[in-house]
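This report concerns only the one structure given below.
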Amino acid sequence: MADRAGLAAFLRVRREALQPEDVGLPRGRRRRTGGLRREEVAVLCDMSGDYYRRLEQPRGPHPSEQMLAAIARGLRLSPEERDHLFRLAGHAPPHRAGRGDRIAPGMARVLEQLADTPAQIMNRLGETLRQTPMAVALLGDETAYTGPARSAHYRWFTDPAVRRVHPESDHAEQSRLMAADLHGTHARDGDDARVAELVDALRRDSPEFAALWRERPVLGPSCAVKRFLHPRAGELELHCQTLVDPDQSQRLLVYTAEPGTESDNGLRFLAG
């Protein structure tokens, strides 16, 4: 349902917040009020002045998605403001393309402070973009893979050697978590070619994944302790904390152990 009053108020506030110089228009000596005039916004949005004027009235027309996209561009809305505009008009926000492999500066700075901790940045496809030295010691260099194997999801379902890192009794739950995680990504970014290609490859190459995919698994809110079988440090029970970037395209995974436990000693051994 459209919120016509909310839409009208939002458009007025955003229009009045913009100055002529913000959009390349001359201010002129006779301009008495701040912000843009409705006629100026209409030109920026490539629509008639009467149509835009009626949008700023609670009984205005119901704009299409194309019209809303034009308004978002004309009013120089941020991605968050654009999404809010669409919701006010009763439309689902348009898909946002992820940044791919470009690591967010803030995420990179956090990782730099975790040099003595197993931590790594992954994108929405499960591809590892950067690791701390401790993460390499724990998991190996996950940035060295190419092709579909760049994705931890693909490796889990197609490379038996990957599963040896975890006890066999944990494999079924790990498979479900992997499938659910990718299912969430597909639900959000399914029109992205790379996401669709990864899902298609897994459904083709892994009967186990195909069966789980048909169940449409959903990832729960909690993250259980993960058990690792490390060739040098032995069995480790680690907590995995996840920091998600605001646009959902990247996540920072940090592995920690309870202080004073054998797992904590194992991590210290790897750091030594």
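Conditions: (1) farther than 25 Å from Glu65 by Cα; (2) in a helix (DSSP H, G or I); (3) of a type in the set (D, E, K, R). Arg29 meets all but one. Number of the miss?
(2)
Inspect the stretch 112-132 for any residue being among the small types (Gly, Ala, Ser), touching a His at 6+ places or on another chain (Cβ under 8 Å), outside the structural domain of Phe10 (by TED's automatic domain parsing) and surrounded by 14 or more Cβ atoms within 10 Å (Cβ to Cβ) and give the result as yes or no.
yes
Quick one: which residue in Ala9, Ala70, Ala42 is in contact with a Cys (Cβ under 7 Å, 6 or more places away or on another chain), of a type in the set (Gly, Ala, Ser) and part of a helix (DSSP H, G or I)?
Unique residue meeting the criteria: Ala70.
State yes or no: is Arg76 surrounded by 13 or more Cβ atoms within 10 Å (Cβ to Cβ) and not in a loop (DSSP other than H, G, I, E, B)?
no
Is it the case that Val199 is under 15 Å from Leu125 (Cβ atoms), touching a Leu at 6+ places or on another chain (Cβ under 9 Å) and touching a residue at least 40 places away in the same chain (Cβ under 8 Å)?
no
List the strands (runs of 3 or more DSSP E) inside the stretch 149-268, counting only whole elements, that have at least 1 residues being over 26 Å from the mean Cα position of the chain (by Cα) and within 30 Å of Ala104 (Cβ to Cβ).
The qualifying strands (runs of 3 or more DSSP E) are 226-230, 234-244.
The values are calculated or read from the model by the stated rules, or taken from the named source; none is laboratory data. On a predicted model such as this, the values are computed, not experimentally measured, just so you know. No Cβ is skipped: glycine too gets one built from the backbone with ideal geometry, and neighbour counts run over all protein chains shown.
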